[in-house]
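Some notes on the structure that comes next.
The values are calculated or read from the model by the stated rules, or taken from the named source; none is laboratory data. All values reported here derive from a predicted model rather than from experimental measurement. Backbone-built Cβ (ideal geometry, glycine too); neighbour counts: all protein chains shown. Heavy atoms of the whole protein, side chains included, go into the accessibility calculation; ligands, DNA and RNA do not. Shrake-Rupley method; radii C 1.70, N 1.55, O 1.52, S 1.80 Å.
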Amino acid sequence: MSLASGFASSACEWLGQTGFNCQAKIVSLTAWHLLIVAVVFLVVTIIAKFLRDVNRLDRMFQLDQVRSSGGSIHYDETLVINAHRMARLLEENGLDGQGLRATATVLNQKFGSKYFMVEFRESGSFLFRKELKLRAGWYNYPDNEIRTDAKTLEKLKSESMSREDDDTDRSEGAIGTFDLFLRPVRPLDLRHWLYHPKREIRLAIWVAIFAAFLEYSADIVQLAKTLSTTPSV
């Protein structure tokens with residue numbers, strides 16, 4: 001008898017004194033169960049791949065080689081970029097030849113209340129992804145500069161390669177050059193709805209989910225029991 005089997009026998013003998021039977025059948029698997037597991041695994045894999053492809057940002061709008069030179073802005077959860085560069089980035093036509101202020105006015109009226117998924121990278125390395133509003137800057141905003149709210153700026157400093165700016169306050173920007181990938185929030189961005197910035201919408205969604213669970217929980221349990229029972233032929 002090997003050491004492992006001897007240990008197993010001793011353990012089962014000791015557990016048997018407490019009423020635990022190592023030979024009791026806990027799970028009985030049939031080919032039907034394996035088929036159900038395979039189908040569920042396939043469906044989950046397809047859904048996960050679809051959501052991953054949908055949520056990829058590196059195929060979306062790209063903002064290259066920008067610096068966070070200034071300090072934080074007073075807008076919450078907001079990314080500010082040069083108005084002309086924002087117009088080019090989002091492919092907004094009809095703004096050519098207009099000044100920064102006029103361009104910013106048009107863009108902020110159109111996009112000021114919309115959320116974007118924004119991914120920060122540095123030297124090709126992923127830093128973090130965050131939901132932010134996009135705002136066009138016009139006064140003293142260079143083409144290669146971005147500015148963010150205080151929380152985003154603090155995270156950018158902590159995640160970036162440079163450690164010299166980690167303990168600096170919100171009046172100083174992050175050290176380094178960054179690439180940004182962004183796109184508007186979509187209906188399939190579940191996290192946006194579950195943690196929606198507006199408390200009323202967020203609560204309504206959670207209440208609806210809870211109510212639906214109570215309404216259909218019995219049917220879900222019954223379906224699980226039916227699928228776990230091997231059909232007779």
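Tabulated data
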{"read-out": "Subset of segment 78-97 (residues that are open to solvent by 60 Å² or more (accessible area, probe 1.4 Å) and either of a type outside the set (D, E, K, R) or in a loop (DSSP other than H, G, I, E, B) (or both))", "value": "His84, Glu91, Asn93, Gly94, Asp96, Gly97"}
{"read-out": "The lone exception for Ser72 - which of (1) touching a residue at least 60 places away in the same chain (Cβ under 8 Å); (2) open to solvent by 50 Å² or more (accessible area, probe 1.4 Å); (3) of a type outside the set (A, V, I, L, M) it fails", "value": "(2)"}
{"read-out": "All strands (runs of 3 or more DSSP E) inside segment 125-196 with 2 or more residues being in contact (Cβ under 8 Å) with a residue 60 or more places away in the chain, open to solvent by 60 Å² or more (accessible area, probe 1.4 Å) and of a type in the set (D, E, K, R)", "value": "125-137"}
{"read-out": "Residue satisfying all of: in segment 202-233; open to solvent by less than 80 Å² (accessible area, probe 1.4 Å) and polar (S, T, N, Q); modelled with the lowest pLDDT among these", "value": "Thr230"}
{"read-out": "Criterion (at pLDDT below 90, among the hydrophobic types (A, V, I, L, M, F, W, C) and more than 20 Å from Asp189 (Cβ to Cβ)) met by exactly one of Leu95, Leu107, Leu90, Leu153", "value": "Leu95"}
{"read-out": "Given (1) in contact (Cβ under 8 Å) with a residue 24 or more places away in the chain; (2) at negative phi, number of the condition Ala102 does not satisfy", "value": "(1)"}
{"read-out": "Complete set of residues in segment 197-230 that are under 29 Å from Tyr115 (Cα atoms) and in a loop (DSSP other than H, G, I, E, B)", "value": "Pro197, Lys198"}
{"read-out": "Residue in segment 43-55 that is surrounded by fewer than 19 Cβ atoms within 10 Å (Cβ to Cβ) and of a type in the set (Asp, Glu) present", "value": "yes"}
{"read-out": "Yes/no for Arg101 being in a strand (DSSP E or B), basic (Lys, Arg), at pLDDT 85 or above and more than 22 Å from Leu188 (Cβ to Cβ)", "value": "no"}
